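A short write-up of the structure that comes next.
Each reported figure results from applying straightforward, stated rules to the coordinates on display, with no laboratory input. None of these values were measured; they are calculated from a predicted model. Using ideal geometry, Cβ is built from the backbone for each residue, glycine included, and neighbour counts are taken over all protein chains shown.
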Amino acid sequence: MKTKSLILICCLAFFSSCIVKSIRPFYTADSTEYQAHLVGEWTDNKKGSWAVASFKQLFLEENKDWSKVSVEEKATFEKYKDGYQITYTKKNNEAVFMGMPFKIDNQLFMDFIPFNYEDIGNDLVSQHLLRTHSVAKIDKTANGQLNITWLDEARLTDLFEKNQLKLEYEIIGLEESFVLTATSEELYAFLKKYMKSDIENKWESSEKFTLTKTNAQP
């Protein structure tokens, strides 16, 4: 790659807005709350499709003999039993996420972490990739649709620049990616305070979807 091209890529990455990423989950163990109405098939307003399945149900279906389940697998089950396997498909490209629902007061959120994604065909490259967490606010509309809005990096960088936010973070890689390194307790406390703040356009985001259920029961 030519040096000029590399500099251009870095500059574009620096100025482009994207979702906030974190090394650790945005939820705490006692804040998760399973939401049965999220399970099902959905389509979004950007021609994508979403399949949301209960992780607990999938795990138990695949592990009918509990005596054969390893200690590590049982620990994983306990950790994610309130979560979902979320498959997002667009233009024949599929990505699978582990989604953990949690609440702050009466507001529903979802913590996303990649579980599986399109094979890039290079094992050495894939070993360099770090699967980070992101967080989205979920609002159910009166007609049963879901509005999913990710926390946008631009909102936090503005707070950092104004010295109004003390969360620990790092800027990493050639693309200078912004990654939070705070604890889950600190992230949860931040979201709780953020929800109560009067910050203008605090949920304006580069990534937001409106989902409509395609297999709704009559």
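In table form, for the structure just shown:
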item	result
Cβ crowding within 10 Å averaged over residues, with 65-76, 91-102, 147-158 ranked highest first	147-158, 91-102, 65-76
Charge context of TYR84, other residues only, Cβ under 11 angstrom, K/R +1, D/E -1	0
Shape of the range 122-218, Cα gyration tensor, a/c cut at 1.5	oblate
Ratio of the Cα radius of gyration of the range 18-213 to 2.2 N^0.38 Å, where N counts its residues	1.07
Neighbour net charge for ILE104 - beta-carbon separation under 15 angstrom, K R +1, D E -1	-1
Pairs beyond 29 Å (Cα-Cα), from LYS81/LYS162; LYS137/LYS166; LYS140/LYS166; LYS74/LYS166; LYS68/LYS192; LYS56/LYS196	LYS81/LYS162; LYS140/LYS166; LYS74/LYS166; LYS68/LYS192; LYS56/LYS196
Burial ranking of peptide ranges 43-49, 21-27, 184-190 (average Cβ count within 10 Å, highest at the top)	21-27, 184-190, 43-49
Helical mean residue ellipticity (222 nm; -39500 (n - 2.57) per DSSP H run of 4+; nearest 500) of the chain	-7500 deg cm²/dmol
